[in-house]
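The values are calculated or read from the model by the stated rules, or taken from the named source; none is laboratory data. All figures in this text were calculated on a predicted structure; none of them were measured in a lab. Methodologically, a virtual Cβ is constructed for each residue, glycine included, from the backbone with ideal geometry; neighbour enumeration extends over all protein chains shown.
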Amino acid sequence: MLVHRVSRHVAALIACASIVTTHTAEVGTRNANAPEVAAASNEGENAMRGFQLPPGFKAEVIAAEPHIANPVSFYIANDGKIYVTETFRHSRGVTDIRGKDTWLDEDLAARTVEDRLAMLKRHERDNIANYSKHSDRIKLLVDQNGDGKVDASTVFADGFNHPLDGIGAGVLEWKGNVWYANLPNLWLLRDQNSDGVADWRKSLHHGYGVRIGFLGHDLHGLTFGPDGKVYFTIGDRGANIPFEGKHVGDPDSGAVFRCNPDGSGLEMFSFGLRNPQEIAFDDFGNLFTVDNNSDGGDRARLTYLAEGGDSGWRVGYQFNDWPNPRGPWNREKLWHPRHEGQSAHHLAPLTNITDGPSGLAHYPGVGLPAAYKDHFFIVDFHGGRGSGIMSLNLKPNGASFTLDKRDKFVWEALPTDADFGLDGGLYFVDWVQGWSMTGKGRVYRVYEEQSASDPLVAESKRLLKEGFARKSVKELASLLSHPHKRVRQEAQFELAGRGQASVSALQNEARSGKTTLSRVHATWALGQILARPHALNSRQAAEVAKALMPLLRDNEPEVAAQATKVLGEANAQEAFEAFISNLNHASPRVQYHSALALGKLGRSQAFPALVALLERNADKDEYIRHAAVMGLLGLNEPDALIAATEHQNKSVRLGVLLALRRLQRAEIANFLDDADPFIVTEAARAINDVPISGALYELAKLSETESLTEPAMFRAVNANYRLGIAESAARLAKVVARSGAAEIHRVQALEALANWQHPSGRDRITGLWRPAVGIRENKHAAEALGPIIADILNTAPDRVRAAAANAAAALGLNAAAPQLAALAAKEDASAPSRIAALRALAAVKSEQLSAALEAAGKSSNEELRREVVRLQAASGSGASALARLEQTIEKGSVSEQQAAFSALTKVQDAAADQLLVRQLERLEKGELPRELILDVLEAALARPSVKPRVEALLAKQPANDELGEFRSTMYGGNGEAGRKIFVERAEVACLRCHKVNGEGGEVGPDLTGIGARQTREYLLESIVLPNKAIAAGFETLVVSVKSGATYAGILKSENATEMVINSPEDGLVTIKKTDIESRERGLSGMPEGMGQVLSKQDLRNLIEYLGSLK
């Protein structure tokens, strides 16, 4: 990440900061376990041979273990020192909500970091001490002898091992002040005696990371903006920071924040992000990030971050599987670039790119070939092969941007972050291998010799090392046109820090500087002076603003845009008329900044002009629409907004709607009867998703409208469910009865009625924690559904009948028993609907259940007969149930026998133990079918009297059989259940890395046809022991031969006598095995531990699915 510095005046602010920590921040005990760091080796040099680099580029190792271990992010200071954030808490102090299903509701409900701590203590009890055993830290790397390589290092700061502490994932330095992003705090640290160790620290804010969430969705991305403020990000672990009498942040999404360097002026800049690891500004101060995908078939997103912008993500989507994985995020294509019909409340990504973005840097303009001018460099981390750094550039597209081109820059490395050094070239920190900590780490430099030897590189390095404090105002002003962005920014900040003494030179440069960039930097510097308290008296401030005014009409649009931005931030009321005029400017970017600036001035007279902008824009440019909406919000004129809900132009109405959404005004319900279906849909989204409780009743009434779009109807049905009153139940029954309604809406209404009295605390649409209030009675749902249930069970489509049967069971609708029995016996009905009918008969304790089970037991459908076995066992006495199960075990199909063994665990009869003992004897003799082994073992382990025998049997397995405990999962699974695990389960995220039939990621091998190519044992081994045998084309090797040569690359083929490696450096190399001195293999990108994440039943189902891919 390229980081810009602050002006000299900030030093005074920081120096006055209190030494004590604040905001109830808690510091670790500093007695954490000693970190495990690998010894020095030549592995870094060897691994470098496998890198794929652009033609003409070279790589070199700058630092390696033991100087660095487990690097997450880094920053290169002006003096060349490197600050690295190292993690030793990854998965052992920082946990993950995946695999903790019983915690999930509490986690989603958490609003503060104190809620998170209370949850940890409640669940972990005495184990809470384990959360403090390890500390993350900042490592300081130094090149003492000037050869460009690190030869000394110190632990700059540690003791970050409080149970609330996250993975430290961002660091920034300026003149000895070091900002460290480690939730729940943003820290400021200082080394006061210059010994390379921080001896002073302060929490600037406390309250980041309200939930456990996903590992790595932390506080990160520290950088300085062109306004001299600190910008940083958090993932969807959320934030809720008590600050100056208010709360800043969004607990339910990731966000970008900014504040003054001393921590004051904290504000949320944009939100609606999932996990924006890094952010980067381009040359003109535009802010970008690459936001991570959710592993649900979506893609990561390159996003232009607008002030006040909402990028659309909510943490509840991660766990929402209705009506499809990730809910509206996937179904309504929120992660796609802008397209017709897409939600208007969020700013869509510019493009979908990468699979694991973890770093982002913008080229400063010096040190690489000219072809890389104005390029971004994205770190793409996959945990193994296929990771690297991608370069791309953008081109203007209205007020925003679009992708121009992209290329791989460095590939087959494992970087976590990238930054530009002082000596030309791109630096990156390398995780080394896999997902787990290895105690290793590297810093590499990638450079092109001719570009790195450009005199501008040496000049830039000299200027940055010398500093700018002793330079004259004239010298500094001349440096505003320097080709190196960091030099320009340093000069700008120094000039800003000198206040009134710089104003004249800055005014001249802003008006008539050599380059557009020098003029823009001068404008920004004047903005910093205006923003600084007491830097100018009122007369002087007015003169600066007056000097900037002509720039609003400048022939260079970017100068006009930035002057607009600066004057808006300064609340320059004298610029009002010019801002109004510039809403008609030929440049979309000037229009955009003018609308935002008018919102900051807050004058109601701007209302008609902003409305006119919405009308002219006609929804063509979403960023201009967003700016107009932000402008309207800044005017604080709710009555005018409400009056405009009836405006004749639909683009105006949409803009007004979006403003009312932000204000959470109930009057947004006026749009529910709008003539435009899209506006109705957007209103429904706002009322349900925000939510706007005052309009919920009106949204619920909308369910009686038959012509709604799918998203609107989803939310109208949900509104009735959330209200929970008799009137709402009646409306849902009408939706159920409406034969012309979409099946999915009828099913949704039935599911709402079924869960009427005890609704989930999670909103059905957003997945966010929003418990329904008030007393809800099942009788309202039963009275509404009762009169129509018979007809639905008789005539509705199959999926609707299944949902109706479930509702009848939940509501105890005994009168529906005849129709349920008929459905259970209906041969042409689907197995799910017949199973639902049988379960409903059991739930209402119908006398017709026995006959229905007998009839269904004769079906040819395995799934149905399996359920019959379970229900017969559950509905009979101990003896009769056991007799039925024993008969099934002797004569039933494999699926029925599996169900019988599962049911045995609940039979209260000692004879069941004997039955299981006999099955164990069959297992010992090798007579038990392989499809039943897991079922017998699990049933026996569940019976206390039989459990010791099972344990003794398992103890006999060969000690060297690494698959021993999992071999029972290779056969007998349910392929459809396995497909759901592959596609939907967040904790395994198979679809993120693997394609099947064209769907999924490209990080790992394409699994299409894998069942025909590989054995079940191979599939099992690949899941539970991913590093034992890596798929062809995905195994990386470093091979040293006896002649002294070393080769690194991807293994292409191997036999008993030789191997072939595809080396980026040497091409295809054939190596005789007798010549090999050493062989080191990289880890698989497949995470370890899947055998513990999945239950054995899930694992068996997943293997069955993979085995079926032929």
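Could you list, in sequence order, the residues of the range 125-134 that are surrounded by 12 or more Cβ atoms within 10 Å (Cβ to Cβ) and either more than 26 Å from the chain's Cα centre (by Cα) or on the phi > 0 side of the Ramachandran plot (or both)?
Correct list: I128, N130, K133.
Of all the residues that make up the range 145-165, how many are touching a residue at least 60 places away in the same chain (Cβ under 8 Å), among the aliphatic types (A, V, I, L, M) and touching a Lys or Arg at 6+ places or on another chain (Cβ under 6 Å)?
Residues that pass the stated criteria total 0.
Taking the condition at pLDDT below 80, closer than 20 Å to G1004 by Cβ and under 28 Å from the mean Cα position of the chain (by Cα), does N1027 pass?
yes
Provide a single number: the residues in the range 383-432 that are assigned to a loop (DSSP other than H, G, I, E, B) and in contact with a Pro (Cβ under 8 Å, 6 or more places away or on another chain).
Residues that pass the stated criteria total 6.
Based on this model, can you work out whether A491 counts as free of Cβ contacts under 8 Å to residues at least 60 places away in the same chain and in contact with a helix residue (DSSP H, G or I) (Cβ under 8 Å, 6 or more places away or on another chain)?
Spelling it out, A491 is indeed free of Cβ contacts under 8 Å to residues at least 60 places away in the same chain and in contact with a helix residue (DSSP H, G or I) (Cβ under 8 Å, 6 or more places away or on another chain).
Is it the case, given these coordinates, that A418 is among the small types (G, A, S), surrounded by fewer than 19 Cβ atoms within 10 Å (Cβ to Cβ) and closer than 23 Å to T223 by Cβ?
No.
Looking at E886, E927, which is the one that is surrounded by fewer than 19 Cβ atoms within 10 Å (Cβ to Cβ) and in a loop (DSSP other than H, G, I, E, B)?
Exactly one of E886, E927 is surrounded by fewer than 19 Cβ atoms within 10 Å (Cβ to Cβ) and in a loop (DSSP other than H, G, I, E, B), namely E927.
In the range 831-858, which residue that is of a type in the set (S, T, N, Q) and part of a helix (DSSP H, G or I) is surrounded by the fewest Cβ atoms within 10 Å (Cβ to Cβ)?
S850
If you scan the range 193-223, which residues turn out to be over 18 Å from G249 (Cα atoms), in contact with a strand residue (DSSP E or B) (Cβ under 6 Å, 6 or more places away or on another chain) and of a type in the set (F, W, Y)?
Across the range 193-223, the qualifying residue is only W200.
Among the numbered criteria (1) within 25 Å of S400 (Cβ to Cβ); (2) crowded, with 24+ Cβ neighbours inside 10 Å, which one does A572 miss?
Here A572 clears every test but (1).
Can you tell me how many residues within the range 318-348 are at pLDDT below 95, farther than 23 Å from I97 by Cα and surrounded by 16 or more Cβ atoms within 10 Å (Cβ to Cβ)?
Of the residues in that region, 0 qualify.
Do we have G254 as crowded, with 24+ Cβ neighbours inside 10 Å, in the same structural domain as A418 (by TED's automatic domain parsing) and in contact with a Leu (Cβ under 6 Å, 6 or more places away or on another chain) here?
Criteria met by G254.
What's the total number of residues in the range 135-160 that are crowded, with 24+ Cβ neighbours inside 10 Å and not in a strand (DSSP E or B)?
Qualifying residue count for the region: 1.
Within the range 94-117, does at least one residue satisfy the condition of being of a type outside the set (D, E), under 30 Å from K246 (Cα atoms) and free of Cβ contacts under 8 Å to residues at least 40 places away in the same chain? Even if it seems obvious, please write down each step before you answer.
Just the residues of the range 94-117 that are of a type outside the set (D, E), to begin with: 94-95, 97-100, 102-104, 108-113, 116-117.
Those left that are additionally under 30 Å from K246 (Cα atoms): 94-95, 97, 103-104, 108-113, 116-117.
The next check asks that each one be free of Cβ contacts under 8 Å to residues at least 40 places away in the same chain; those that pass are none.
The answer is no, given that none of the residues of the range 94-117 is of a type outside the set (D, E), under 30 Å from K246 (Cα atoms) and free of Cβ contacts under 8 Å to residues at least 40 places away in the same chain.
Any residue in the range 661-679 that's closer than 14 Å to L702 by Cα: show its pairings with residues that are hydroxyl-bearing (S, T, Y) and at pLDDT below 95 at Cβ separation under 8 Å, as long as the two are six or more apart or on different chains.
Filtered contacts from the range 661-679: P677/S707.
For the range 526-547, what are the residues that are within 41 Å of the chain's Cα centre (by Cα), without any contact (Cβ under 8 Å) to a residue 60 or more places away in the chain and in a helix (DSSP H, G or I)?
L526, I529, L530 - these are the residues of the range 526-547 that are within 41 Å of the chain's Cα centre (by Cα), without any contact (Cβ under 8 Å) to a residue 60 or more places away in the chain and in a helix (DSSP H, G or I).
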